[in-house]
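So that we are looking at the same thing, I have put the structure below in structure tokens.
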Amino acid sequence: MCVDYTNLNKVCPKYPYAHPNIDHLVENSSEYQYLSFMDAYSGYNQIHIYLPDQDKTIFITPKAAYCYTIMPFGLKNARATYHRMMNNAFGDRIAKYMKVYVDDMIAKSLSTKDHVSILEAIFRRLHTFNMCLNPEKCTFGVEAGKFLGFLLTCRGIEANPTKCLAVVDM
């Protein structure tokens, strides 16, 4: 189901929350021996809407009127709100051993022992904030993988073969 929130978005002030620079995230995530790529399951839908604001998301069907209790897609400030929540959940860890861009996360380390303890800390924090990961989009303890469309390895950033294929096919 899709609800048009154009009118609500017009009257809501834009929440000025800074998003990280993708190039900076990617550059600071390469050249690590072990990487884990995680994706939050239906990210926006894990944020509860403040109870007094739930009536602003009301929609009407032929049988009844409903409102969202969790954040739906289409709200102007959904991305900023979600990113703020991720920064609140992982703030101290983001600078040390992980990077977050909206619902995509990467954990990085130079040793197996460190990587296991880093993942344990991340999983505890996910549990504390009652957040779920999408297991189909997660990869743990690998030497290379894709993050935000870039191929990260222990050697650095490398050409993504799937992106190069389009040029080769031309």
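Could you sort Ile22, Ile58 by their accessible area in this structure, using a 1.4 Å probe and putting the largest first?
On the way: Ile22 60, Ile58 95 Å².
So, going from the largest accessible area down, we get Ile58, Ile22.
Name the most mobile residue of Pro52, Pro135, Pro13, meaning the one with the largest mean-square fluctuation, in a Gaussian network model of the chain with Cα contacts below 10 Å.
Result for the chain, Cα springs under 10 Å: Pro52 fluctuates most.
Which of the residue pairs Lys108/Lys163; Lys56/Lys99; Lys14/Lys163; Lys76/Lys99; Lys14/Lys146 have a Cα-Cα distance greater than 29 Å in the structure shown? Could you put the intermediate results ahead of the total?
On the way: Lys108/Lys163 24 Å; Lys56/Lys99 33 Å; Lys14/Lys163 34 Å; Lys76/Lys99 24 Å; Lys14/Lys146 31 Å.
Long pairs (Cα-Cα over 29 Å): Lys56/Lys99; Lys14/Lys163; Lys14/Lys146.
Keeping all protein chains in the complex and leaving out DNA, RNA and ligands, what accessible area do you get for Phe123 with a 1.4 Å probe, in Å² to the nearest 10?
90
Taking only DSSP H segments of four or more residues, each worth -39500 (n - 2.57), what value at 222 nm results for the chain once the sum is divided by all its residues, to the nearest 500 deg cm²/dmol? Provide the component values of the computation, followed by the final result.
On the way: 5 runs with 58 residues, N = 170.
Value at 222 nm, helices only, nearest 500: -10500 deg cm²/dmol.
So which residue, out of Arg79, Arg155, Arg93, gets the largest mean-square fluctuation from a GNM of the chain using Cα contacts under 10 Å as springs?
Most flexible of the set in this elastic network: Arg155.
Residue by residue through the stretch 47-56, what is 3J(HN,Hα) from phi via Karplus (6.51 cos²θ - 1.76 cosθ + 1.60, θ = phi - 60°)? Round to whole Hz and write x for glycine and proline.
Karplus-based 3J(HN,Hα) across the stretch 47-56 equals 9, 7, 7, 3, 3, x, 9, 4, 5, 6 Hz.
I would also like to ask the following. Counting only heavy atoms of the protein chains, get the accessible area per residue of the stretch 1-148 (1.4 Å probe) and round it to a whole Å² value.
On the way: 8840 Å² over 148 residues.
Counting only protein heavy atoms, the per-residue value for the stretch 1-148 is 60 Å².
The values are calculated or read from the model by the stated rules, or taken from the named source; none is laboratory data. On a predicted model such as this, the values are computed, not experimentally measured, just so you know. Note: areas computed on protein heavy atoms with side chains; ligands, DNA, RNA excluded. Shrake-Rupley method; radii C 1.70, N 1.55, O 1.52, S 1.80 Å.
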